[in-house]
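Working notes, structure below.
The values are calculated or read from the model by the stated rules, or taken from the named source; none is laboratory data. Keep in mind that what you see is a predicted model, and the values were worked out from it rather than measured. Every residue, glycine among them, receives a Cβ derived from its backbone with ideal geometry; neighbour counts consider all protein chains shown. Side chains included, ligands, DNA and RNA excluded: accessible areas come from the protein's heavy atoms. Shrake-Rupley method; radii C 1.70, N 1.55, O 1.52, S 1.80 Å.
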Amino acid sequence: MKKGSQPTFEETAGTYIENAQLRRNIGHATKTIRDKRQLVVQELDDWEELREAGRQIKQKVMNNLDRYLLQLEKSVSKAGGVVHWAADAEDANRIITNLIKEKKGTDVVKVKSITTDEIRLNQALENEGIHALETDLAELIVQLAGDEPSHILVPAIHKNRAEIRELFKSKLNLKELSDEPADLAEAARLYLRKNFLKAKVGISGGNFAVAETGTVAVVESEGNGRMCTTLPDTLITVLGIEKIVPEWKDIEVFMQLLPRSSTAERMNPYNTFWTGTTEGDGPQKFHLVLLDNGRTNVLDDETGRQTLHCIRCSACLNVCPVYERTGGHAYHSVYPGPIGAILTPQLRGLDDRSAASLPYASSLCGACYEVCPVKINIPEVLLHLRNKVVLHQKKEGGFRQKTDPVHLAMKFLARAFSKRSRYERLQKMGRAGQWFYKKDGTISKLPGQLSKWTAIRDVKPVPEKTFREWWRDRK
Amino acid sequence: MVEGSEMSSSRDKILQRIDQALGNRTDSTDDVVERRYHQISELTAQEKVNLFQERVDEYKAATERVSEGELPGKLKKLCEEAGIKKLVLPPGIDENWLSELPKSMTFLHDEPQPLSKTQLNESDAVLTNCFLGVAQTGTIILNAGPGQGRRVLTLLPDIHICVIRQDQIVGILPEAIRKLDQTVSESGAPVTFISGPSATSDIELDRVEGVHGPRKLHVFIISES
């Protein structure tokens, strides 16, 4: 992807907010999952202890990431798997393409995986004449529509049943089809079952990989994950290097944290754990592709590093007042919502103006931090990144940046606040100048650049007597 | 091979970047994680089985509490009611459970010759036991042991009938993970967690049971009381 080829959050958020259908769908989804999550989390009286253990495990992983990766490489190889290392998306796509070509495969079935969306794997394969069929119901809908996912957990939440019915009728060549979700799911079942049975290669992501044993986990609901990791002869799993956990025992922590935070269930219907290959059971060839693609940049920043703790549950999306109104597309990244607002800029770098706009897509209310199952302090990282964005712009921005009104205003305010006498003098000036804009005790309209501020809120005028003045004069 | 050398250079690159990012580290892999969460359940055996049944039911799976002696009769009744004609049987399944099933039924054994995907796809149901059950989450755990078989056996048939004994039910997940230690680190056999039938909420968040895996899950719990 070209740097800055996509719009910023601010540039398109308005359009998404105006889409009433989208807002209704997203609002309904986030509220439903949010309320359900609350119930299943309340059931566990050791939730905070689990979160803390989850945080500590992930911290330990990040602080020793190279050692655990080498341990994982060893244990997977010992169990019959082959480990590949991919420094970036191009690397990963080339490795995977070659593996599929070796198998002379052209039809590939895929489990939902955001990591493969991140590296645009499907497109890379398509360019080589390989069709990767998405088998998660929502991902299939998105793929058939030529659309982009809008939520980590429920990627097609922006589409309603009538739209899906029309899509399936035309793309799956069905004459009769109702818009009942059960009938739509049945249509997908029949279509995909044929493809599962004939597929030679399966591609998956991975939720966890255990360094100690080489065990990889896929957590899912529909059974397409089991199909893809069981039926083909060859399985290729793409795993972000941060998905490691040290020991098998750690699974007991994350398999309590993830389902309750994600689908808001005590446990999601299916979890598959496999260790290399097993004779006579499932794929006889297993390839594990370890992907960096910017993750080591995140690791390089001590405050930002905790972003790598993320287990992709999407709880932060569902509580975010910003995400709830704009939906996922406004983020122009496969990682939307609060976690996307901190992960995307770190993965892509601040030269990407679209990514660099994301740390501002937040009211800093902190709800995301409260629900995060591994205690990522998202507001802290947001502020940290805003600071980095400003410093970066200062350094790279040149003359245009130096004359930017916001930059000038901030500089002016910093000076004003840095000294008491200056601050008080400014207050007096404000009081003298505001009479023209003051109506009924409030300011609803300011001129020039300042009008943007008052377009959506009123400003309280400087009072006749400030507190400091009153304090001084009180005798 | 060019590819091999490229791959190893990516490997070096990644490891080097990590080493650089971490700088002078004080942490080590020996650091202990504080595990203050529950590791052992305080439920009695009776409470465990009750909770297990309640939680499995909530996933819209069917459960039935039976005694060892009642199971063959109940199984026969289920096969009649659900119209099960072709039943898949993994190696090591308890033959006594089948004693009342009519001779007219087709039994598909996975040994000596493994069943083909097509055979499995055209079957009506599969009968298995399991390795463990978890009461708190209503989860059934398979580890490809005797009476469970290959993973695909419980994946393609439309109905999964699973038999669990009361003493196989643990209270909470950490207890189950510990019991799976040996499976994962020694035999390396695949492990599957099953919590209710296959499901999706992808269309307008309406829950639909049965997408790709078995559409029905029927659990017989053998308990003595």
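Listed values, structure above:
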read-out: Whole-angstrom gap from the stretch A:289-314 to the stretch A:332-352, using each part's C-alpha centre; value: 11
read-out: Size of charge dipole - the stretch A:303-422 - debye, nearest 20, with Cβ of Lys, Arg +1 and Asp, Glu -1, no other charges; value: 720
read-out: Those Cys residues of the protein assembly as shown for which no other cysteine Cβ falls under 4.7 Å; value: A:228, A:310, A:313, A:320, A:365, A:372, B:79, B:130, B:162
read-out: Partner lysines for residue A:439 [C-alpha distance under 28 Å; skip if fewer than 8 residues away on the same chain]; value: A:428, A:452, A:460, A:465
read-out: 1.4 Å probe, heavy atoms, protein only - residues of the stretch B:140-160 losing at least 20 Å² accessible area vs chain alone; value: B:150, B:151, B:152, B:155, B:156
read-out: Counting DSSP beta bridges with both ends in the stretch A:64-295, the antiparallel % (nearest 5); value: 25
read-out: Residues of type lysines that residue A:394 reaches as a straight line, Cα spacing below 18 Å, ignoring anything fewer than 8 places off in the same chain; value: A:402, A:411
read-out: Cα centroid of the stretch A:246-265 to Cα centroid of the stretch A:1-51, whole Å; value: 20
read-out: Principal axis dimensions, largest first and in whole angstrom, of the stretch B:1-105 by Cα; value: 68, 48, 26
read-out: Where B meets A: accessible area buried, both sides, 1.4 Å probe, Å²; value: 7700
read-out: Alpha-carbon centroids, the stretch A:151-227 and the stretch A:381-441: separation in whole Å; value: 51
read-out: For the stretch A:288-303, residues shielded by at least 20 square angstrom of accessible area compared with the chain on its own, probe 1.4 Å; value: A:292, A:296, A:299, A:300
read-out: Residue (of A:153, A:116, A:167) at the positive-pole extreme of the stretch A:81-180, dipole from beta-carbon charges; value: A:167
read-out: Calculated over the stretch A:250-398: convex hull of Cα atoms, volume per residue (Å³); value: 142
read-out: The stretch A:152-254 - accessible surface per residue (Å², probe 1.4 Å); value: 29
read-out: At least 40 Å² accessible surface lost relative to isolated chain, residues of the stretch B:46-71 (1.4 Å probe); value: B:55, B:59
read-out: Kirkwood hydrodynamic radius of the stretch A:275-316, Cα pairs, Å; value: 13.5
read-out: Rounded FRET efficiency, nearest 0.05, which uses the C-beta distance separating residue B:81 from residue A:190 and R0 of 22 Å; value: 0.35
read-out: Point-to-point label distance, residue B:45-residue A:363, nm (Cα→Cβ direction, 7 Å offset); value: 5.5
read-out: Over the protein assembly as shown - Rg/Rh using Cα atoms and the Kirkwood inverse-distance radius; value: 1.03
read-out: Solvent-accessible area, 1.4 Å probe, carbon plus sulfur percent, for the protein assembly as shown; value: 51
read-out: Dipole axis of the protein assembly as shown (+1 Lys, Arg; -1 Asp, Glu on Cβ), positive-most option in B:126, A:202, A:393; value: A:393
read-out: Ordering of A:262-271, A:81-90 by packing [mean C-beta count within 10 Å, highest first]; value: A:262-271, A:81-90
read-out: Calculated on alpha-carbon atoms, Rg and Dmax of the stretch A:112-226 in Å; value: 15.1, 52
read-out: Shielding of B:178-184 by partner chains, average beta-carbon count, 10 Å; value: 4
read-out: For the stretch A:64-295, the fraction of alpha-carbon pairs in successive 5 Å shells from zero, as %; value: 1, 6, 14, 18, 20, 17, 12, 7, 3, 1, 0, 0
read-out: Long pairs among A:103/A:243; A:110/B:103; A:74/A:249, criterion Cα-Cα beyond 30 Å; value: A:110/B:103
read-out: On Cα atoms only, tilt of A:420-433 relative to the major axis of chain A in degrees; value: 80
read-out: Modelled FRET efficiency - R0 51 Å, residue A:131 with residue A:468, Cβ distances, 0.05 increments; value: 0.10
read-out: For the stretch A:191-232, the spread of Cα positions along each principal axis, largest first, Å; value: 38, 21, 12
read-out: Protection-proxy order for peptides A:458-468, B:63-73, each taking the mean of Cβ atoms within 10 Å per residue, highest first; value: B:63-73, A:458-468
read-out: Cross-link pairs beyond the 25 Å C-alpha cut-off, checked among A:194/B:76; A:112/A:171; A:78/B:117; A:112/A:198; value: A:194/B:76; A:78/B:117
read-out: Debye intensity ratio I(q)/I(0), log10, chain B, q values 0.10, 0.12 Å⁻¹ (C-alpha model); value: -0.58, -0.75
read-out: Angle in degrees between helix A:89-102 and the longest Cα principal axis of chain A, rounded to the nearest 10; value: 10
read-out: 4 °C / 1.567 mPa s Stokes-Einstein diffusion coefficient of the stretch A:420-473, Kirkwood radius on C-alpha pairs, µm²/s; value: 106
read-out: Dipole moment magnitude, nearest 20 debye, the protein assembly as shown about Cα centre, only Lys, Arg, Asp, Glu C-beta charged; value: 3920
read-out: Accessible area (Å², per residue) of the stretch B:83-225, counting only protein heavy atoms and a probe of 1.4 Å; value: 35
